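Right, one structure below, let's go through it.
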Amino acid sequence: MTTTSRLALALLGSVALIGIAAPAFAQSGEVNIYSYREQSLLQPLLDKFSEETGIKANVLYAGDGLLERVAAEGELSPADVVLTVDIGNLVGAEEQGLTQPITTPVLEERVPEAFRDDDDNWTALSLRARVFYVSKDRVDATALTYEDITGPEWKGRLCTRPGDHAYNIGLIAQRIAEHGLDETRTWLTAVRDNLAYAPTGGDREGVKNILAGTCDLSITNTYYMGAMLNNEAEPEQKDWAASARIIYPDADGEGTQVNVAGGFIARYAPNAENANALIAFLLSDEAQQIYADTNYEFPVVPSVQPAELTLSWGTLKAVDTPLVEVAAHRAEAAALVDELKFNEGAQN
């Protein structure tokens, strides 16, 4: 049975590839990808990769469960590269023994140390910043820090998605890494008590509520602005986005918190050489520009510019806390959200 056939079985829902008695075989002209990233973003990249290298890209898309699938498949897995979002997934994959070192020299040449594993077991491929969307009509400030939003002037004016979502866990974990648990507890308590309502919904809902007047500042990822402004299927989202402007927190200080979309090469990748070629391509100027222009994310390669629309929101100064340090505090961040009953909203 070929690797392509094994991937087809996976697409049909076989979790453990039951009944296959031998490891997946390498296919010299193929690479097998398990992806959390949406097809609309990834396909242009893979089309370019195949065009330039002659390597066929087979993809399994899923919203969740891919790490569990790779673990269950073990040595029989056809997966060569896994593309995912959030530092927790990348570090978790390494901790579960699902990775192998990326060997392409492009990695260390192009990716800053803060955004890749010390032993090259994973790398960021793009960055997403956790920023403030503020009402154009009701907020005069042009610069804010994460600390500023704890002040009494913001009472009943903040909104965000649930605190235990990966986006907010990443922000809280980064603050623990930089400021310690006790100081972060004080900060998160004040943020909670300035919320306009109990955290709910997704990042876009906060911006919708800015237009509605329910809140004045939403903690939201940058790329949603581009997605909403260009949403032809739901044009009402253009109005949401038009009601707000972006402020990069701590732009003049330690920098704005960022999370990542990234990838790793699977431990039992049958096409490891092709997998390294794919990672190298995804870090090329061409691919980094596609990430920037298609999804309004920030290139992880410093020499590549964000999309023009993204640049219109301001300049990102990313906090330089190594992602491995941030990931080490994710469990504490989640425990803090529970301890403070953050998802219940303001307590006074």
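The values are calculated or read from the model by the stated rules, or taken from the named source; none is laboratory data. Keep in mind the model is a prediction, meaning the values are calculated, not measured. Note: ideal-geometry Cβ built from the backbone for every residue, glycine included; neighbour counts use all protein chains shown. Each accessible area value is taken on the protein alone, full model and side chains, heavy atoms only, with ligands, DNA and RNA left out. Shrake-Rupley method; radii C 1.70, N 1.55, O 1.52, S 1.80 Å.
Say we look at region 70-87 and pick out the residues that are among the aliphatic types (A, V, I, L, M) and in a helix (DSSP H, G or I); which of these is farthest from the chain's Cα centre (by Cα)? Before you say what the answer is, go through the steps one by one.
Initial filter on region 70-87 (among the aliphatic types (A, V, I, L, M)): 70-72, 76, 79, 81-83, 85, 87.
Checking which are in a helix (DSSP H, G or I) leaves us with 70-72, 76, 87.
Values: Val70: 20, Ala71: 21, Ala72: 24, Leu76: 28, Ile87: 7 Å.
Result: Leu76.
Can you tell me which residue in region 35-60 is modelled with the highest pLDDT, limited to those that are within 16 Å of the chain's Cα centre (by Cα) and surrounded by 15 or more Cβ atoms within 10 Å (Cβ to Cβ)?
Ser35
For Leu90, indicate whether it is part of a helix (DSSP H, G or I), without any contact (Cβ under 8 Å) to a residue 24 or more places away in the chain and not polar (S, T, N, Q). Lay out the reasoning, then the answer.
Details: part of a helix (DSSP H, G or I): yes; without any contact (Cβ under 8 Å) to a residue 24 or more places away in the chain: no; not polar (S, T, N, Q): yes.
In short, no.
Report, by residue number, each residue of region 273-289 that is in contact (Cβ under 8 Å) with a residue 12 or more places away in the chain, more than 19 Å from Val260 (Cβ to Cβ) and open to solvent by 30 Å² or more (accessible area, probe 1.4 Å).
Ala277, Glu286
Would you be able to say whether some residue in region 87-103 is modelled with pLDDT under 95 and within 18 Å of Val301 (Cα to Cα)?
yes
Kindly indicate which of Val70, Val91, Val81 is in contact with a Gly (Cβ under 6 Å, 6 or more places away or on another chain) and of a type outside the set (Asp, Glu). Write out each step before concluding.
Numbers: Val70 fails: in contact with a Gly (Cβ under 6 Å, 6 or more places away or on another chain); Val91 fails: in contact with a Gly (Cβ under 6 Å, 6 or more places away or on another chain).
On inspection, the qualifying residue turns out to be Val81.
At pLDDT 90 or above, open to solvent by 10 Å² or more (accessible area, probe 1.4 Å) and part of a helix (DSSP H, G or I): is that true of Leu67 in this structure? Walk me through how you get there before you give the answer.
Details: at pLDDT 90 or above: yes; open to solvent by 10 Å² or more (accessible area, probe 1.4 Å): yes; part of a helix (DSSP H, G or I): yes.
So Leu67 passes the test.
Kindly state which helices (runs of 4 or more DSSP H) lie completely within region 102-212 and contain at least 1 residues that are open to solvent by less than 20 Å² (accessible area, probe 1.4 Å) and hydroxyl-bearing (Ser, Thr, Tyr). So that I can check it myself, show each step before the final result.
Working: elements: 106-110, 166-179, 181-193, 203-212.
The helices (runs of 4 or more DSSP H) meeting that bar are 181-193.
Out of all the residues in region 299-325, which are β-branched (Val, Ile, Thr), part of a helix (DSSP H, G or I) and at pLDDT 95 or above? Talk me through it step by step, then tell me what you get.
Of the residues in region 299-325, the ones β-branched (Val, Ile, Thr) are 300-301, 304, 310, 315, 319, 321, 324.
From what is left, the residues that are part of a helix (DSSP H, G or I) are 310, 324.
Answer for region 299-325, where residues must be β-branched (Val, Ile, Thr), part of a helix (DSSP H, G or I) and at pLDDT 95 or above: just Thr310.
Please determine, by comparing only the residues of region 243-265 that are in contact with a Pro (Cβ under 9 Å, 6 or more places away or on another chain) and either not polar (S, T, N, Q) or not in a loop (DSSP other than H, G, I, E, B) (or both), which one is surrounded by the fewest Cβ atoms within 10 Å (Cβ to Cβ). Step through it out loud before you land on a result.
Filtering region 243-265 for residues in contact with a Pro (Cβ under 9 Å, 6 or more places away or on another chain) gives 255-257, 265.
Narrowing further to those that are either not polar (S, T, N, Q) or not in a loop (DSSP other than H, G, I, E, B) (or both): 255-256, 265.
Details: Gly255: 18, Thr256: 26, Ile265: 29.
Looking at the filtered set, the residue picked out is Gly255.
Which members of region 336-348 meet the condition of being loosely packed, with under 14 Cβ neighbours inside 10 Å and in a helix (DSSP H, G or I)?
Of all residues in region 336-348, those loosely packed, with under 14 Cβ neighbours inside 10 Å come to 338-339, 341, 344, 347-348.
Answer for region 336-348, where residues must be loosely packed, with under 14 Cβ neighbours inside 10 Å and in a helix (DSSP H, G or I): Asp338, Glu339, Glu344.
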